[in-house]
1. As an exercise: evaluate residue 616 against (1) more than 26 Å from the chain's Cα centre (by Cα); (2) at pLDDT 80 or above; (3) on the phi > 0 side of the Ramachandran plot and give the number of the one condition it does not meet.
2. Kindly establish whether residue 317 is modelled with pLDDT under 95 and either more than 24 Å from residue 96 (Cβ to Cβ) or touching a strand residue (DSSP E or B) at 6+ places or on another chain (Cβ under 9 Å) (or both).
3. Output the number of residues of segment 499-513 satisfying the condition of being in contact (Cβ under 8 Å) with a residue 12 or more places away in the chain and surrounded by fewer than 19 Cβ atoms within 10 Å (Cβ to Cβ).
4. Taking the condition without any contact (Cβ under 8 Å) to a residue 60 or more places away in the chain, in the same structural domain as residue 443 (by TED's automatic domain parsing) and farther than 29 Å from residue 637 by Cβ, does residue 587 pass?
5. Of the numbered conditions (1) assigned to a loop (DSSP other than H, G, I, E, B); (2) surrounded by 15 or more Cβ atoms within 10 Å (Cβ to Cβ); (3) more than 18 Å from the chain's Cα centre (by Cα), residue 376 satisfies every one except a single condition; which is it?
6. Which residue, of 630, 582, 605, is in a loop (DSSP other than H, G, I, E, B) and modelled with pLDDT of 95 or more?
7. Mind counting the residues in segment 317-355 that are in contact with a helix residue (DSSP H, G or I) (Cβ under 9 Å, 6 or more places away or on another chain), over 25 Å from residue 245 (Cβ atoms) and assigned to a loop (DSSP other than H, G, I, E, B)?
């Protein structure tokens, strides 16, 4: 066969060209790699240069300081107890880490525990000298990208140990520099095994447990060596975020991370496939230590103290967000800061002075238990199904003096504090906050007349009847859904909802910006803690005070860290003064001739509002005097209808009894004095509307109804107790409730569904 030499020559030329091209690409790639290496070196030098320029004068000081810090090995085994005092200065709670007695030497820590932490937290642990400079470089570039804000840690296990023992979790470059110095000194003073030992014994596992052995005893009531491999890795999942992965509150989150850690171990060849399958398929059953039961005072004190420490460290609490991304970033930062500050309570040796009055606390608990005593059904854990919660605020100071998160029971386990950790639908008790007080700011008055009528797309009244034209005062007393809906629709959700956000309602979301919110139809709901603080704002002429029980916090040397004494309690104006006072004046009528008329406090002027939800899932009573504000909720943890009239009335009975106790030796002081304003006109009343509530005698002649001093029609009053079939309590448009699943700082586990809006408003209960 003849060879086409011309073609062959061309082919060789093409091959040569291709080879040259590949060589050029390789050379270019090598140049990029070399440039990248130079960039890393340059970046590292920049980090060092930046640190030297900014902290050069302090470098030797930091180094000397770091060497002194790490010299004492005992620092890794000790902690200080925090003492909590009540309003009378009596020590009521001691918070201490279960750390010293559960310390493990390196050879006592199971191999799989060590490998899990190294794999998940610092894979180059045995290679670096305390600092991973590539990770630091990434953090440095993130620092530049984010205008000086530290968004990435780049921390090794050694750095984490340095931070946890010697530093705060403050996000700053200076702390980072100190952390690096201390980490370097730790690596000089101790072996890698010793550092890992210190780390595993000092990291926080949530719920007051420091170290793997304390966590093992606390969550499983077994030593670490008695645990299965799956249980060990389950515990290793917690420290990454002790709040997010709290096994008591967020079991599914913890299991998910356990499985992730097991997968990492398998992929790195630390475990084989059979062990991997065994780990991820094992069912985890907690066996909480028998005496580990947090009561309602302790859980609330921990919550308030943690948030006060966060505030003292400069954390800014935010409730409105521009985007979902911003919200997620905030929640992540919140969880990290909350976990750190909460952990300090068990090791910091603080002295926490609270406003909790143990006599008032005991009485509130007794009152809740007394009026719910007939409901004896329990769930699988032995907890009463029918529950109640209540929060009481001293209006003269703004402090919480008593808080009850459920019925008292003698059984072990974590006590869910429903008063601030459970969010339920408020029913019509939300109307004064969202509808009427904002309306009074915008020209409406108690005498403004609106028509109670059925209209397209609107709600149904509880009694399924309509009374025609009526004043706002009467509408509030009779808890008319139609009137509240009309006003809210006029004001607009975008105007009304921020009032709740400004008063630190934690669970208001975008889906709440709809008309059903005016009747309590919220996606998640509210707590008695939030409602008490909001109603106390009405009593305080529109000024909201940070509802806390923390009066003062000092360190173990007596230095003041938090001071809320006197007028130092953070406050802010929410409502105009006259609008809030007008609302109080209107709410007086709820207790004299409205839905709460069966629950007066003899001899004491009080304002109040009732609230129930569809099918009587939730029942509320919130009210206040000059002296105290008390909010009460009753319902089932797993929402279901309250089928008897007594259960629906329970919040009113609890409120009445407790407020009577509080005021037994107090002089009555009137509330609700306001300045009448010209106001704005109501709706145009047609002839048909105007005759809607006229009465006739037997001969058919129109009779004039009896009126009060405000010109309002006096409604007939029955003395019967409310029941699901009568008209004393009102209903909302929402059936949706959420189960009381929360993390340790009060956030509920989000449900999958959104707000419930009835398809047929005419047929709702």
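1. (1)
2. Numbers: modelled with pLDDT under 95: yes; either more than 24 Å from residue 96 (Cβ to Cβ) or touching a strand residue (DSSP E or B) at 6+ places or on another chain (Cβ under 9 Å) (or both): yes.
So residue 317 fits the description; yes.
3. Initially, segment 499-513 is screened for residues in contact (Cβ under 8 Å) with a residue 12 or more places away in the chain, giving 499-509, 511-513.
So of that shortlist, the ones also surrounded by fewer than 19 Cβ atoms within 10 Å (Cβ to Cβ) come out as 501-502, 504, 509, 511, 513.
Counting residues in segment 499-513 that are in contact (Cβ under 8 Å) with a residue 12 or more places away in the chain and surrounded by fewer than 19 Cβ atoms within 10 Å (Cβ to Cβ) gives 6.
4. Working: without any contact (Cβ under 8 Å) to a residue 60 or more places away in the chain: no; in the same structural domain as residue 443 (by TED's automatic domain parsing): yes; farther than 29 Å from residue 637 by Cβ: yes.
Taking the combined requirement at face value, the residue does not satisfy it.
5. With (1) assigned to a loop (DSSP other than H, G, I, E, B); (2) surrounded by 15 or more Cβ atoms within 10 Å (Cβ to Cβ); (3) more than 18 Å from the chain's Cα centre (by Cα) applied to residue 376, the lone miss is (2).
6. Going through 630, 582, 605 in turn, the sole match is 605.
7. Within segment 317-355, residues that are in contact with a helix residue (DSSP H, G or I) (Cβ under 9 Å, 6 or more places away or on another chain), over 25 Å from residue 245 (Cβ atoms) and assigned to a loop (DSSP other than H, G, I, E, B) number 2.
Residues checked against (1) at pLDDT 95 or above; (2) in the same structural domain as residue 287 (by TED's automatic domain parsing); (3) crowded, with 24+ Cβ neighbours inside 10 Å:
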{"position": "413", "(1), (2), (3)": "no, no, no"}
{"position": "416", "(1), (2), (3)": "no, no, no"}
{"position": "440", "(1), (2), (3)": "yes, no, yes"}
{"position": "446", "(1), (2), (3)": "yes, no, no"}
{"position": "458", "(1), (2), (3)": "no, no, no"}
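The values are calculated or read from the model by the stated rules, or taken from the named source; none is laboratory data. Not measured: the values here are computed from a predicted model. Reconstructed Cβ throughout: ideal geometry from the backbone, glycine too, with neighbour counts over all protein chains shown.
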